[in-house]
1. Being modelled with pLDDT of 70 or more and either in contact with a helix residue (DSSP H, G or I) (Cβ under 6 Å, 6 or more places away or on another chain) or on the phi < 0 side of the Ramachandran plot (or both): is that true of residue 215 here?
2. Report every pair of residues separated by at least 6 positions or lying on different chains whose Cβ atoms are under 9 Å apart, first residue within the range 421-446 and in contact (Cβ under 8 Å) with a residue 40 or more places away in the chain, second part of a helix (DSSP H, G or I) and surrounded by fewer than 15 Cβ atoms within 10 Å (Cβ to Cβ).
3. Taking the stated definitions as given, is residue 226 part of a helix (DSSP H, G or I) and either in contact (Cβ under 8 Å) with a residue 24 or more places away in the chain or farther than 30 Å from residue 96 by Cβ (or both)?
4. Has the range 152-164 got any residue that is over 19 Å from the mean Cα position of the chain (by Cα), part of a helix (DSSP H, G or I) and either surrounded by fewer than 16 Cβ atoms within 10 Å (Cβ to Cβ) or assigned by the TED database to the domain that holds residue 98 (or both)?
5. Which condition number does residue 348 fail, the rest of (1) surrounded by 15 or more Cβ atoms within 10 Å (Cβ to Cβ); (2) within 13 Å of residue 295 (Cα to Cα); (3) within 25 Å of the chain's Cα centre (by Cα) being met?
6. Residue check: is residue 195 modelled with pLDDT under 80, touching a strand residue (DSSP E or B) at 6+ places or on another chain (Cβ under 8 Å) and not in a helix (DSSP H, G or I)?
7. Given the conditions (1) touching a strand residue (DSSP E or B) at 6+ places or on another chain (Cβ under 7 Å); (2) over 24 Å from residue 258 (Cα atoms), and given that residue 203 satisfies all but one, which numbered condition is not satisfied?
8. Determine whether residue 450 is touching a residue at least 60 places away in the same chain (Cβ under 8 Å), closer than 20 Å to residue 363 by Cα and touching a helix residue (DSSP H, G or I) at 6+ places or on another chain (Cβ under 8 Å).
């Protein structure tokens, strides 16, 4: 399958002359450099330019190192609590970045002025190396400023190491093309070259600009939505589920707005999104049904508040606390540190036991036994004292503990203590252990016996072995 590219009439002329223009412009700079070394130019002119460049680079490095240390010390003393402090830190970092290029370019200009004013060099057209050095200094400063801008705009997480490396490579490729005057020719060709997309025709330049704009728009949207999400999650007066829903809606809204801005900047008619929406609907109806169901279920459980972050639930036999309600799934974490990923659809279509839907308090039961010869009333009193002495046990009228005899067992009388705790997420193993230890100590002091199974072992054949004569 082949793709045809339709060019307008004037684009043919641009494309036909593009190669010659590139060769001419590149040969002009290269020819100037070659003529500088092989022509009639005196050797002292070359040495003067090289010396000026080396001196400018050395001075720039020295100033950058000395002043940069002071600027770094200032940035360390600046707090990161307010936006004013962050803006001041950004300004200081930007100054630190351009300090080398500014110093080197200024000193190089001073050297050139001294060379020309003293009559050492009268023809400025021979300063080819100086012109290239100027452009490299300026390009280096622009690159560092752009890196600072993208870091602030996109955030350090999104603008990571790989993306930084790609931006540096792309920037220096464009800078080299600009230095040899090839970039304007390439841009003119891309503006003239049109690609048929449906009923519209877009130029290559418009597509590239649109792609970059889309990338920046999505990055800005992600950054703004992240800041809005952090601000919303800090609204303690709002319920957690409401905060999560509002934060998700802000993120989705900003991302959609970023996509629309990027597509509009590329010149793409937004009516084509209706076709894309239809295709997306078909995809959801078939292969993406489960994903869409989990996505919608996530908003449902956040809106109807049947499940909230911090609730203790039992899903698929796993008991834990809901720590996250994400777009597609939720995370349960038990007291052992184990986590379970549960699709959001399970909370909507399945049965889930929520231990803290209306009340976070949970009933805990504890069984002990005493011998038939013991004083049962005294045993119950001691059991109640040991339970009520624990600080985690609730005593309010709505959560009264109770103590009762539950069974006359084969080896003793079974007693039960039932009490409420407000923090089941902290577990009950240690709490029960403390109560058992207190009950055991108190029963021993009161002479109350805790029954246990007793086994009688009879060894057969021992008498015959004793009567056997010695060998």
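1. The answer is yes for residue 215.
2. The qualifying pairs are 438/385; 442/385.
3. Yes, satisfied.
4. No, the range 152-164 contains no residue that is over 19 Å from the mean Cα position of the chain (by Cα), part of a helix (DSSP H, G or I) and either surrounded by fewer than 16 Cβ atoms within 10 Å (Cβ to Cβ) or assigned by the TED database to the domain that holds residue 98 (or both).
5. The single condition residue 348 does not satisfy is (3).
6. So residue 195 passes the test.
7. All conditions are met except number (2).
8. Criteria not met by residue 450.
The values are calculated or read from the model by the stated rules, or taken from the named source; none is laboratory data. If you're wondering where the values come from, they're calculated on a predicted model, not measured in any experiment. Cβ atoms come from the backbone with ideal geometry, glycine included; neighbour counts cover every protein chain shown.
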